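These notes concern the structure reproduced below.
No lab work stands behind these numbers, since they all come straight from the coordinates. It should be emphasised that the depicted structure is a prediction, and the values quoted were computed from it without experimental measurement. Cβ coordinates were reconstructed from backbone atoms using ideal geometry, including for glycine residues, and neighbour counts include every protein chain displayed.
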Amino acid sequence: MGPSGSGKSTLAGLLLRFLQTTGGAIRLGDRCVEEYSLAFYYSYFGYVSQKTTLFNLSVRENIAMGWTAVPLERIQEVCGTVRLRETVENLPQGYETLLAKRACSCRAVRCSGSHLPERWSEIRRF
Ligand SMILES: Nc1ncnc2c1ncn2[C@@H]1O[C@H](COP(=O)(O)OP(=O)(O)O)[C@@H](O)[C@H]1O
Ligand SMILES: [Mg+2]
């Protein structure tokens, strides 16, 4: 939290390694953050974006977001955590429902009244 222009986005970008320092260093323990693999480093972060970007992919893929081989049980678990498991599982194609912007399936999700797309970032945090 802080006033506009105080450096919130810059700090978030630096911590998430979207930006690189031009001076000084950001350390985790006694090592610079760049020394850790991204997969290891990101395992410590929960990131909830203000603006949710949905990919033209299935519910399952939108939750896993690039992580391969996430077991379905884990996807079901995070949906349960944000109380969306029942909604998703009641869709005709369940976790394989396409979330394409103008696709029928997406309208079905929206019509369910669960605001599913709006809560995507929250799901991804887990
Ligand atoms: N520590 C800092 N020292 C100098 N300039 C900074 C610093 N942090 C951010 N800035 C600059 O200040 C401006 C606003 O920063 P930004 O991160 O967008 O603020 P916020 O997200 O809080 O509105 C940007 O031009 C950024 O490059
Ligand atoms: Mg900002």
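Any residue that is within 16 Å of ligand 2 (Cβ to nearest atom) and part of a helix (DSSP H, G or I) - is there at least one of those in the stretch 72-84?
No, there is no match, as no residue in the stretch 72-84 is within 16 Å of ligand 2 (Cβ to nearest atom) and part of a helix (DSSP H, G or I).
Please go through the stretch 60-75 and give me each residue that is over 29 Å from Ser9 (Cβ atoms) and either buried (at least 18 other Cβ atoms within 10 Å of the Cβ) or touching an Asp or Glu at 6+ places or on another chain (Cβ under 8 Å) (or both), ordered by number.
Arg60, Ile75 - these are the residues of the stretch 60-75 that are over 29 Å from Ser9 (Cβ atoms) and either buried (at least 18 other Cβ atoms within 10 Å of the Cβ) or touching an Asp or Glu at 6+ places or on another chain (Cβ under 8 Å) (or both).
What is the residue count in the stretch 1-39 for residues that are hydrophobic (A, V, I, L, M, F, W, C), away from ligand 1 (no atom under 16 Å from the Cβ) and surrounded by 10 or more Cβ atoms within 10 Å (Cβ to Cβ)?
Qualifying residue count, the stretch 1-39: 4.
Results for (1) within 16 Å of ligand 2 (Cβ to nearest atom); (2) over 25 Å from Trp67 (Cβ atoms), shown as yes or no for each residue.
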| site | (1), (2) |
| --- | --- |
| Pro3 | yes, yes |
| Arg17 | no, no |
| Gln20 | no, no |
| Ile26 | no, no |
| Asp30 | no, yes |
| Tyr36 | no, no |
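Going by the conditions given, is Tyr47 aromatic (Phe, Trp, Tyr) and under 15 Å from the mean Cα position of the chain (by Cα)?
yes
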